Amino acid sequence: MIHPDTVLQFISPEIGYGVFATRPIPQGTITWAHDPLDQILTPDQVRGMPEIYEEPLARYTYRTPEGDHILLWDLARFMNHSCSPNCMATHYGFEVAVRDIPQGGELTVDYATLYMTPEESFDCYCRAAECRWKISADDAEKLADEWAGRIQTGLLRIGEVDQPLLHLLRDGCLQRACGDHGVPYQLPLRRLF
Amino acid sequence: MIHPDTELRFVSPEIGHGVFATRRIPKGTITWGLCHLDHVLSPARRLELPPCYAGVISAFAYLTAQGDAVLCWDIGRYVNHSCSPSSLSLNDELDIAVRDILPGEQLTDDYGMLNLPHVLQCRCGAPGCRREVRADDHLRMGAEWEVQVREAFALASRVPQPVLPYLKNASQLLDMLEGRADVPSPLAYCVPPAAGVGPAPA
Ligand SMILES: [Zn+2]
Ligand SMILES: [Zn+2]
């Protein structure tokens, strides 16, 4: 589920829609968490669908390494890519704001941090100073350290800000994410639990 | 699955988004049908969900006569109500255009057919606006809905039906189109007010 202080907004015919903040969302806020309405479509379920579903599945779902298609049920599905994203995905089913997102700012994520297959490479025109132009599954290897650092900047603030999505996180996910990124959670997070 | 010749547009802060035709959609076209990606949430499933979903489900899902809440996976969930709608429910899995819908025109349904758990105040501005939309509207509107749906369905086999291949239950529509099954009365899917499906958990 996407953070409640967001709205869907049309950007342009080329880009389509994006997700924008209706209030400031500070660094450290959990901006998205996997939730019970997100659909996990197994390879068997997908095989049971008529062939015509290939197009919507390719467009609106992402694939996990296990081969499941994940269809997010809400606006989160419309989050655009940026090479300098303000949200970063952790490995534990949630995303965290790695910068302050102003009111009216677009929430973005780096698609290469989600599961990408080699066929899903695309040209990027995100206009970030650090735009990589070509986004591909290989980026993960090159950028792993940089991404880990960004996630850490978000997690460091996680105990200091409002967390409307905290109740959706599965037990232990936050602790494990903090552990992975060397963020001592006991002190700052005491307030949250 | 919503008809492919549609797009989401922002209407106003009060109304939010709506679904608009990008090309002409002729009368008799299935404008929405239950597909493999829609959420069908039983009352038991809804009780398991955290309370934060209640608002979402009451704003975006409709109730079937069995009490399931159907949350469209796509922009179908943004189709607004009108007291003079462009589409009506053919049954609890299909909507049919009851007039030609022109490019740029908003697709609308009559929520009075959707077993509303609450009375809805309406300011749709259509001539003949009922002001209140309620689950028992079928007691007053049923005969008219039935005429409109049957008239529209009479054209259904002569217009393109791009939603058909996506349907979860395509054979049901094919049987009706090819005359092997009768077109049901839309009233069969409205719950009599006494049946008590009403305000199931939102
Ligand atoms: Zn870029
Ligand atoms: Zn009205």
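Values quoted throughout were computed directly from the atomic coordinates according to the rules given, and no laboratory measurement underlies them. Model, not experiment: these values are computed from the prediction. Reconstructed Cβ throughout: ideal geometry from the backbone, glycine too, with neighbour counts over all protein chains shown.
Which angle from 0 to 90°, rounded to the nearest 10, does the C-alpha axis of helix A:139-155 make with the longest principal axis of chain A?
So the helix axis and the longest Cα principal axis differ by about 40 degrees.
For the charge dipole of chain B, defined by +1 on Lys and Arg C-beta atoms and -1 on Asp and Glu C-beta atoms about the Cα centroid, which residue among B:Leu173, B:Tyr62, B:His36 has the Cα displaced farthest towards the positive pole?
Sorting the options by dipole projection puts first B:Tyr62.
Skipping prolines and chain starts, which residues have an amide H placed within reach, meaning under 5 Å, of the one on B:Trp73, given they are 5 or more residues away or on another chain?
Here the answer is B:Asp38, B:His39, since their amide H atoms fall under 5 Å of that of B:Trp73.
Taking 0.36 nm per intervening residue step and subtracting the Cα-Cα distance, what contour gain separates B:Ser12 from B:Arg131 on full extension? Don't skip to the answer; put the middle values down first.
Details: separation 119, 0.36 × 119 = 42.84 nm, distance 1.93 nm.
Using 0.36 nm per residue and subtracting the Cα-Cα distance, I get 40.9 nm.
Hey, with R₀ at 41 Å, roughly what FRET efficiency would A:Ala148 and A:Glu14 work out to, going by the Cβ-Cβ distance, to 0.05?
Calculated value: 0.80.
Which ordering of A:Glu55, B:Glu146 is given by a fewest-first count of other beta-carbon atoms within 10 Å?
The order, fewest Cβ neighbours first, is A:Glu55, B:Glu146.
Each residue of region A:162-176 in turn: what ³J(HN,Hα) in whole Hz from Karplus with 6.51, -1.76, 1.60 and θ = phi - 60°, glycine and Pro shown as x?
Once rounded to whole Hz, the list reads 5, 10, x, 9, 4, 5, 8, 6, 6, 3, x, 5, 5, 4, 5.
Fewest to most neighbouring Cβ within 10 Å: what's the order for B:Val98, B:Val159? Walk me through the numbers before you get to the answer.
On the way: B:Val98 23, B:Val159 16.
Final ranking by Cβ density, sparse to dense: B:Val159, B:Val98.
How far apart, in nm, are the 7 Å Cα→Cβ label points at A:Asp123 and B:Leu102?
3.9 nm
Counting only C-alpha contacts under 8 Å and six or more residues apart, can you give the relative contact order of chain A as a whole percent? Numbers along the way, then the final one.
Working: 350 pairs, mean separation 49.3, N = 193.
Taking the mean separation of contacting Cα pairs over the length of chain A, I get 26 percent.
Enumerate the calculated ³J(HN,Hα) couplings along region B:15-26 in order (Karplus 6.51 cos²θ - 1.76 cosθ + 1.60, θ = phi - 60°), each rounded to whole Hz, writing x wherever the residue is Gly or Pro.
Each residue's phi maps through the Karplus curve to give 8, x, 8, x, 10, 10, 6, 9, 9, 5, 10, x Hz.
Could you calculate the FRET efficiency of A:Arg23 with B:Cys52 from 1/(1 + (r/R0)^6), where r is the beta carbon distance between them and R0 is 22 Å, rounded to 0.05?
Approximately 0.80, to the nearest 0.05.
Tell me, what is the FRET efficiency for A:Glu130 and B:Arg140 to the nearest 0.05, using R0 = 41 angstrom and their Cβ-Cβ distance as r?
Rounded to the nearest 0.05, the efficiency is 0.10.
Search the structure for amide H atoms under 5 Å from the amide H of A:Thr29, placed 1.01 Å from N in the peptide plane, and list their residues when 5 or more places away or on another chain.
Excluding prolines and chain starts, which carry no amide H, the hits are A:Ala97.
For the residue pair B:Arg123 and B:Leu155, what label-to-label distance in nm results when each label sits 7 Å from Cα along the Cα-to-beta-carbon direction?
Result: 3.3 nm between the two label points.
Go through region B:61-66 residue by residue and turn each phi into a ³J(HN,Hα) via Karplus (6.51, -1.76, 1.60, θ = phi - 60°); whole Hz please, and just put x for glycine and proline.
Each residue of region B:61-66 in turn: 9, 10, 9, 8, 4, 7 Hz.
Need one number: nm distance between label points at A:Ile52 and A:Gln175, each 7 Å from Cα along Cα→Cβ, rounded to one decimal.
Taking the two extended label points, one gets 5.0 nm.
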